[in-house]
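Enquirer: Here's a structure for you.
The values are calculated or read from the model by the stated rules, or taken from the named source; none is laboratory data. Computed from a predicted structure; not experimentally measured. Glycine gets a Cβ as well: all are built from the backbone with ideal geometry, and neighbour counts include every protein chain shown.
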Protein chains: 2
Amino acid sequence: MTAPLFDKVALIGVGLIGSSMARAMRRGGVAGQIVGYAHLPEIVERAKKAGFADSVGGDLAACVKDADLVVLAAPVGTFADIAKLIAPHLKAGAIVSDTGSVKGAVTRDVAPHLPKSLHLIPAHPIAGTEQSGPEAGFAELFDGRWCILTPPADADTAAVEKMKSFWEKLGSKVEVMDAQHHDLVLAITSHVPHLIAYNIVGTADDLETVTESEVIKFSAGGFRDFTRIAASDPTMWRDVFLNNRDAVLEMLGRFNEDLSALQRAIRWGDGDALFNLFTRTRAIRRGIIDAGQDSAAPNFGRNTDKKS
Amino acid sequence: MTAPLFDKVALIGVGLIGSSMARAMRRGGVAGQIVGYAHLPEIVERAKKAGFADSVGGDLAACVKDADLVVLAAPVGTFADIAKLIAPHLKAGAIVSDTGSVKGAVTRDVAPHLPKSLHLIPAHPIAGTEQSGPEAGFAELFDGRWCILTPPADADTAAVEKMKSFWEKLGSKVEVMDAQHHDLVLAITSHVPHLIAYNIVGTADDLETVTESEVIKFSAGGFRDFTRIAASDPTMWRDVFLNNRDAVLEMLGRFNEDLSALQRAIRWGDGDALFNLFTRTRAIRRGIIDAGQDSAAPNFGRNTDKKS
C-alpha cells in the first residue's frame, strides 16, 4: 500500500461538502488521519455518529494542530474569523485550502492572517446537492465533476501539484485559473441561476391570485426544477452573493437586458425572435450531455420506467 | 373485458404528447381504434414505425372521420387552421379536445369553427420531457401528474365527465377550472420558468469573457438544470408565449420587481434580506415532494449510487 498523500487532514466544517470529502478521502486512502471541526455541539455529535472522520470536535486549535492540509469547508462569510483563530496553531509548511463557491474573497479574507511559511491554495469543487448537513455527504459526490484551483500567482508549484493530485484522488477533474476569472465563470454557471431560482420561487409564494396549493400541484410544468435549486443552504448562498457582488451584478445586468428583449418580443408578437433563441439553446444542452456533466435521460431520468 | 370509453380516437399530432397518449390509451384499453395524423410525411413514417397507433396518415379528414374523440396535440398556433379544416368532417356529438399549454386561446381559436352539436372540452396534461417526436413518448408519462380541464361555462356535463374519466384512465389526476385561471397558474408554474431558463442559457451563450466550453464544463453548479428546460420544443414554446401574452407579462412583471429587490440587496450587502428569502423557498420544495410531484432524492436522483 502506498503512503497517504497527507498524514493529517483537518476539515473545518463537516456539512455536505466536508463530510463528502472525508468519505471520498477514506475511499481513496488519501489521508492518514481525518479530523473534523464543527462550531455547534449538535453538529459535532451528528458528525461523530455519521462516523466519516477519525475524530470530530469543537476545538479549532486542536483540529488544525499538526495537520498537513487544512480545508475550510464552511460558509465563505466565516473564513476571515476562522483564519485569524487558526493561524497561530498551523504547522509550518502546511497547505491551507477551502471549498468556497467564490474565490477572490478567499485570498482577500484568509491570506493576510497566514504566516509566510503556509501555502494558501484555494479550491472550489463544482459539486453538491440541495441537501445540507453531515448526513447528506457521500463519497461519490465529486466523481467526474470539476474542481477549480485558484492559486495566487506566486504560489508554490509543489503545493499546487499536491492539491491537484488530492482532488483527482477524490474523483474530480482539476482545472487551474485565476480567482477573478473563476468568479466570473461561476457567476453565470451557478450564482445567477441560483438567484433567479430563489427569486421565482419567492414570486410564486407571494401571489394572491394563485394559491400555494396550485403552485405545488401543477409544478411539473417546469417550476419544480427551480424549487430544487431554491432549497439549497441559505447561509452558504447568502455568503456567495455578498462575496461575489461585482461579478453577480455584471451577469445579472446582462440577464436583465436579454430578458427585456424577450419580454418585448412577447408583447409585440415577434415569434421569430422567440423561435430563434429557443432553437439556439438546445445546442448547449447537447454540449453538457456530451461532456458527461449531465444525464441524457429525459426529465433527469425521473421516468425510470420509460419504454420506447 | 369492459367496452372502451371511445370507439375511435383521432390524434392530430403524434409527437411526445400525442404518442404518449396513444401508448397510455393502449395500456388502459381506452379506445377501440387509435388513428394518428401528422403534417409531415417523415413524421407519418416515423410514427408508423413506432407502432403506437392503429393507423397514421397525412389526411386530416380521414383521421377525424367517425371519431368520437378528436384531440389536437399540436402546437397551439396551428389550432385555428386545424379546426377550420376538420370542422366539416367531424361526427355529430363528438368531443373535440386538445393538449395545449394555454387554454384561453383554444376556445378563442377552435370554438368559432365547430358545429353546435360538437363538444369542445379543452385539456392540459401537466406532463412532458425536454424531448420531442413520436419516438419520445411513453405510456407512463401521465401517471400521477395533473390534467386540467377547462370546459366553457355551458359545456355538456356528460362530455366533461367522460373526459375526466378518459384522463384518469391514462393515469392522471384531473382538476377542472376556467381557462383564464389556468393561464395565470401555468404562467407562473411553467411559462415564466421556461422563459427565464431559455433566457439565461442565451445570456451564457453570448458572453465574450467566458467561453462556451467553460459554461459546459462547470455547469454542475446549477446551470445544467436550466439547460434541460431550455432544450424543450421551440415551436411549442413560441406558440405558448404568443398565446398567453397577458398572463406571462403580468407574472414576468412581478418576477422582475422581486429580482430588482434582490439585486439591490446584493449591491448594498443586505444579507438578512437574502437569508430570509432563501429560507422561505425551502418550504415550497418540501410541499412539492410531499405532494408526490417530485422525487426527494438529492439532485433529482442523479447520484443513484449515494451511500449515507
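Enquirer: Somewhere in segment B:27-39, is a residue over 24 Å from B:Gly93 (Cα atoms) and surrounded by fewer than 24 Cβ atoms within 10 Å (Cβ to Cβ)?
Expert: Scanning segment B:27-39, I find at least one residue that is over 24 Å from B:Gly93 (Cα atoms) and surrounded by fewer than 24 Cβ atoms within 10 Å (Cβ to Cβ), so the answer is yes.
Enquirer: Any residue that is under 30 Å from B:Ala158 (Cα atoms), assigned to a helix (DSSP H, G or I) and at pLDDT 95 or above - is there at least one of those in segment B:51-61?
Expert: Scanning segment B:51-61 turns up at least one residue that is under 30 Å from B:Ala158 (Cα atoms), assigned to a helix (DSSP H, G or I) and at pLDDT 95 or above.
Enquirer: Those residues that are modelled with pLDDT under 80 and part of a loop (DSSP other than H, G, I, E, B), I need them from segment B:292-308; list them, please.
Expert: B:Arg302, B:Asn303, B:Thr304, B:Asp305, B:Lys306, B:Lys307, B:Ser308, listed by residue number.
Enquirer: Let me confirm something: among B:Ser101, B:Ser97, B:Ser19, which residue is part of a loop (DSSP other than H, G, I, E, B), buried (at least 16 other Cβ atoms within 10 Å of the Cβ), of a type outside the set (Lys, Arg) and not assigned by TED's automatic domain parsing to the domain that holds B:Val240?
Expert: B:Ser101
Enquirer: Quick one: A:Val240 ticks every box in (1) over 30 Å from B:Asp143 (Cα atoms); (2) within 11 Å of chain B (Cβ to nearest Cβ); (3) part of a loop (DSSP other than H, G, I, E, B) except a single one, so which number is it?
Expert: It fails just one condition, (3).
Enquirer: Within segment A:229-254, how many residues are buried (at least 23 other Cβ atoms within 10 Å of the Cβ) and of a type in the set (D, E, K, R)?
Expert: Matching residues across segment A:229-254 total 2.
Enquirer: Here are B:Glu214, B:Glu168: which of them is of a type in the set (Asp, Glu), on the phi < 0 side of the Ramachandran plot and not assigned by TED's automatic domain parsing to the domain that holds B:Phe79?
Expert: Criteria check complete, one pass: B:Glu214.
Enquirer: On to the next question. Among the residues of segment B:112-148 satisfying the criterion of being more than 13 Å from chain A (Cβ to nearest Cβ) and outside any loop (DSSP other than H, G, I, E, B), which is surrounded by the most Cβ atoms within 10 Å (Cβ to Cβ)?
Expert: B:Ala123
Enquirer: Could you grab me the full set of residues in segment B:171-206 that are among the acidic types (Asp, Glu) and within 20 Å of B:Gly128 (Cβ to Cβ)?
Expert: Hits for segment B:171-206 are B:Glu175, B:Asp183.
Enquirer: Return yes when A:Ile126 is closer than 19 Å to A:Ile229 by Cα and either aliphatic (A, V, I, L, M) or not assigned by TED's automatic domain parsing to the domain that holds A:Thr150 (or both) and no when it is not.
Expert: It is true that A:Ile126 is closer than 19 Å to A:Ile229 by Cα and either aliphatic (A, V, I, L, M) or not assigned by TED's automatic domain parsing to the domain that holds A:Thr150 (or both).
Enquirer: Now, a different point. Being of a type in the set (A, V, I, L, M, F, W, C) and in a helix (DSSP H, G or I) narrows it down to one residue among A:Leu85, A:Leu11; which is it?
Expert: A:Leu85
Enquirer: For segment A:153-209, how many residues are within 20 Å of A:Val96 (Cα to Cα), in contact (Cβ under 8 Å) with a residue 24 or more places away in the chain and part of a helix (DSSP H, G or I)?
Expert: Of the residues in that region, 12 qualify.
Enquirer: Something else now. For segment A:183-218, enumerate the residues that are small (Gly, Ala, Ser), at the interface with chain B (Cβ under 7 Å from one of its Cβ atoms) and either farther than 18 Å from B:His191 by Cβ or surrounded by fewer than 24 Cβ atoms within 10 Å (Cβ to Cβ) (or both).
Expert: Matches in segment A:183-218: A:Ser190, A:Gly202.
Enquirer: Filter segment A:248-300 down to the residues that are of a type in the set (Ser, Thr, Tyr) and either in contact (Cβ under 8 Å) with a residue 60 or more places away in the chain or within 8 Å of chain B (Cβ to nearest Cβ) (or both) and list them by number.
Expert: Hits for segment A:248-300 are A:Thr279, A:Thr281, A:Ser295.
Enquirer: Being under 17 Å from A:Ser132 (Cβ atoms), modelled with pLDDT of 90 or more and among the charged types (D, E, K, R) is the filter here; which residues of segment B:272-291 pass it?
Expert: Correct list: B:Arg280 only.
Enquirer: Give the residue that is farthest from the other protein chains (Cβ to nearest Cβ), with candidates limited to residues of segment A:101-111 that are touching a Phe, Trp or Tyr at 6+ places or on another chain (Cβ under 8 Å) and without any contact (Cβ under 8 Å) to a residue 60 or more places away in the chain.
Expert: Per the criteria, the residue is A:Val110.
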